[in-house]
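Participant: Just dropping this structure here.
The values are calculated or read from the model by the stated rules, or taken from the named source; none is laboratory data. Remember, it's a predicted structure, so these values are computed and weren't measured experimentally. Here the Cβ positions follow ideal geometry from the backbone for every residue, glycine too, while neighbour counts run over all protein chains shown.
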């Protein structure tokens, strides 16, 4: 789907007929044209409903009305042209949480942009943001819109990156843990392997978020792979530097700042195999700034032996599941109380 003529026609139609971009008067016509671009006679003929009532979907538990609900595929909330869509995320998520069944995808739009959300997997960031004029060349992101539904292809799918990195780091933990069982080294056991892996994870997060000097962790790995030194010394030295108060003034680890929190309070220097190093390098070159923090739960669950995991009741709970409990039972009641207090 590199280029869709119908979507190009839709773009032209929008520029000609929806110049004002008014939420109240033009949203339904805009969405009808949007559905026609994917082969339907109208949104209603596709089975979608406008102004769909959502019980407790409004503020303070009042009913709300979603601009469009197309069960089980899509929820759409429209805003006027120029609206900052960041300010309307909470409303979209609130509607989604109150719907049953929950649509697979949700869209926020202000006539000029389409923010696509997959709340089941990626809670607080859109899986894609597409401008109106980009639609003809980004049809693949709207695979869910076609009569013969296609798997959508998103450009900000942080879940895929997170899952890949979680699997790689889980594999590294299992390899190190199995090796620990075969050695008599007092300072190298399963707990040491787990701590070392989590130290690597934090170092990769920090590197891609500018909390470590540029490519510090990657360059350490490359030196180990090229046999310019041992991971026992090089990575052990880096983690020790991350546990020293103040900024390292000179030397190999120049610019490394102190990381508090206790993760680096104990350093387990480990001699990694060439296979370990290659796996870690592959992981380190991923976009860790796009990785979901919930990767820690994924790593922990995937890394533990299934028998042990079941015995100890260790299971990862997704962000979406947590938010569906916390927001209506804790967050929203407190927000309502604060709002009432402010009015008094």
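Participant: Step by step: first the residues of region 211-226, then only those that are touching a helix residue (DSSP H, G or I) at 6+ places or on another chain (Cβ under 9 Å) and without any contact (Cβ under 8 Å) to a residue 12 or more places away in the chain, then the one that is surrounded by the most Cβ atoms within 10 Å (Cβ to Cβ). Which residue is that? Full working, then the answer.
Facilitator: We begin by selecting, within region 211-226, every residue touching a helix residue (DSSP H, G or I) at 6+ places or on another chain (Cβ under 9 Å); these are 211-218, 220-225.
Keeping just the survivors that are without any contact (Cβ under 8 Å) to a residue 12 or more places away in the chain gives 214-215, 223.
Working: 214: 10, 215: 14, 223: 17.
Looking at the filtered set, the residue picked out is 223.
Participant: Take residue 211 and tell me if it is closer than 17 Å to residue 266 by Cβ and assigned by TED's automatic domain parsing to the domain that holds residue 291.
Facilitator: Here the answer is no, as residue 211 does not meet what is asked.
Participant: Within region 41-80, which residues are in a loop (DSSP other than H, G, I, E, B) and buried (at least 18 other Cβ atoms within 10 Å of the Cβ)?
Facilitator: 48, 57, 79 - these are the residues of region 41-80 that are in a loop (DSSP other than H, G, I, E, B) and buried (at least 18 other Cβ atoms within 10 Å of the Cβ).
Participant: With (1) surrounded by fewer than 18 Cβ atoms within 10 Å (Cβ to Cβ); (2) outside any helix (DSSP H, G or I) as the list, and residue 163 as the residue in question, which single condition is left unmet?
Facilitator: Result: residue 163 passes all but (2).
Participant: Hey, residue 185 hits all of (1) at pLDDT 90 or above; (2) surrounded by fewer than 17 Cβ atoms within 10 Å (Cβ to Cβ) but one; which does it fall short on?
Facilitator: It is condition (1) that residue 185 fails.
Participant: Report every pair of residues separated by at least 6 positions or lying on different chains whose Cβ atoms are under 8 Å apart, first residue within region 282-293 and in contact (Cβ under 8 Å) with a residue 12 or more places away in the chain, second surrounded by fewer than 16 Cβ atoms within 10 Å (Cβ to Cβ) and assigned to a helix (DSSP H, G or I).
Facilitator: 286/164
Participant: Turning to a different aspect of this structure: Any residue that is in contact with a helix residue (DSSP H, G or I) (Cβ under 9 Å, 6 or more places away or on another chain), surrounded by fewer than 17 Cβ atoms within 10 Å (Cβ to Cβ) and assigned to a loop (DSSP other than H, G, I, E, B) - is there at least one of those in region 82-97?
Facilitator: No, region 82-97 has no match at all.
Participant: Do we find that residue 121 is more than 25 Å from residue 41 (Cα to Cα), touching a residue at least 60 places away in the same chain (Cβ under 8 Å) and either in contact with a strand residue (DSSP E or B) (Cβ under 7 Å, 6 or more places away or on another chain) or not assigned by TED's automatic domain parsing to the domain that holds residue 26 (or both) in this structure?
Facilitator: So residue 121 does not fit the description; no.
Participant: Can you work out which of the residues in region 249-268 that are over 28 Å from the mean Cα position of the chain (by Cα) and crowded, with 18+ Cβ neighbours inside 10 Å is farthest from residue 198 (Cα to Cα)?
Facilitator: Ranking the candidates gives 253 first.
Participant: Moving on to the next point. Which one is farthest from residue 15 (Cα to Cα), of the residues in region 144-155 that are touching a residue at least 60 places away in the same chain (Cβ under 8 Å) and surrounded by 17 or more Cβ atoms within 10 Å (Cβ to Cβ)?
Facilitator: 144
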